[in-house]
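K.L.:
Here it is, the structure in full.
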Amino acid sequence: MADSSSDPSAEADLDTLIDDATTAVDVKALSAFGYETRYRLVRLLVEANDPVPFDEITPYVPISDSAVSHALTLLCDAGLVEKRKDGRSRSYSRTERAEALVEALDRTR
């Protein structure tokens, strides 16, 4: 790692990388992976080629439908999952960020 003590532009870049807003967004996304159920949901959606209807997701996790719904909402809030409504039905898909995080985990395992 280069010594940034003599390079003011490097210090400015570091300030940008660790600003409060960026940190909050990143921690929220990483925290979403902190629970097995949410990780399994993200993994499922990353492996799916198309959006997955809610009723096709629930058999893959051993929790109630309301708990699955809550987990998916948290994942949406963290920017890892997108929700699409079609009338009363809902479908979920991965985001580019979720795909990149899962790929990074796979690559470094």
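K.L.:
Output the residues belonging to region 71-109 that are modelled with pLDDT of 95 or more, of a type in the set (Asp, Glu) and assigned to a strand (DSSP E or B).
P.N.:
GLU82
K.L.:
Further question on the same structure: Out of curiosity, is ARG43 within 12 Å of the chain's Cα centre (by Cα) and either modelled with pLDDT of 90 or more or loosely packed, with under 14 Cβ neighbours inside 10 Å (or both)?
P.N.:
Details: within 12 Å of the chain's Cα centre (by Cα): yes; either modelled with pLDDT of 90 or more or loosely packed, with under 14 Cβ neighbours inside 10 Å (or both): yes.
The answer is yes for ARG43.
K.L.:
Specify the residue that is modelled with the lowest pLDDT; the eligible residues are those in region 3-40 that are of a type in the set (Asp, Glu) and more than 17 Å from THR95 (Cα to Cα). So that I can check it myself, show each step before the final result.
P.N.:
Filtering region 3-40 for residues of a type in the set (Asp, Glu) gives 3, 7, 11, 13, 15, 19-20, 26, 36.
If we keep only those that are more than 17 Å from THR95 (Cα to Cα) too, we end up with 3, 7, 11, 13, 15, 19-20, 36.
On the way: ASP3: 52, ASP7: 65, GLU11: 66, ASP13: 74, ASP15: 72, ASP19: 82, ASP20: 85, GLU36: 92.
So the residue we want is ASP3.
K.L.:
Suppose we filter region 40-70 for residues that are in a helix (DSSP H, G or I), in contact with a strand residue (DSSP E or B) (Cβ under 6 Å, 6 or more places away or on another chain) and farther than 22 Å from LEU105 by Cα; how many remain?
P.N.:
Let us first name the residues in region 40-70 that are in a helix (DSSP H, G or I), namely 40-47, 54-60, 65-70.
Still in the running and in contact with a strand residue (DSSP E or B) (Cβ under 6 Å, 6 or more places away or on another chain): 45-46, 54.
Pick out the ones that are also farther than 22 Å from LEU105 by Cα and you get 54.
Result for region 40-70: 1.
K.L.:
Next question, about the same structure. Give region 26-36 a look and list any residue that's surrounded by fewer than 15 Cβ atoms within 10 Å (Cβ to Cβ) and not in a loop (DSSP other than H, G, I, E, B), or say none. It would help to see each step written out before you state the result.
P.N.:
Pass one, region 26-36, residues surrounded by fewer than 15 Cβ atoms within 10 Å (Cβ to Cβ): 27-28, 30-31, 34-36.
Listed by number, the residues that qualify are VAL27, LYS28, LEU30, SER31, GLU36.
K.L.:
Let me ask another. Out of the residues in region 10-25 meeting the condition of being hydrophobic (A, V, I, L, M, F, W, C) and assigned to a helix (DSSP H, G or I), tell me which one is surrounded by the fewest Cβ atoms within 10 Å (Cβ to Cβ). Write out each step before concluding.
P.N.:
Our first condition is that a residue be hydrophobic (A, V, I, L, M, F, W, C); within region 10-25, this holds for 10, 12, 14, 17-18, 21, 24-25.
Filter again for assigned to a helix (DSSP H, G or I), leaving 10, 12, 14, 17, 21, 24-25.
Values: ALA10: 14, ALA12: 11, LEU14: 11, LEU17: 10, ALA21: 7, ALA24: 10, VAL25: 13.
Checking each candidate, the answer is ALA21.
K.L.:
Could you list all residues from region 75-97 that are crowded, with 17+ Cβ neighbours inside 10 Å and of a type in the set (A, V, I, L, M, F, W, C)?
P.N.:
Within region 75-97, LEU75, ALA78, LEU80, VAL81 qualify.
K.L.:
Does region 53-65 contain any residue that is surrounded by 16 or more Cβ atoms within 10 Å (Cβ to Cβ), of a type in the set (A, V, I, L, M, F, W, C) and at pLDDT below 95?
P.N.:
Yes, because at least one residue in region 53-65 is surrounded by 16 or more Cβ atoms within 10 Å (Cβ to Cβ), of a type in the set (A, V, I, L, M, F, W, C) and at pLDDT below 95.
The values are calculated or read from the model by the stated rules, or taken from the named source; none is laboratory data. It should be emphasised that the depicted structure is a prediction, and the values quoted were computed from it without experimental measurement. Counting neighbours? That spans all protein chains shown, and the Cβs are built from the backbone with ideal geometry, glycine included.
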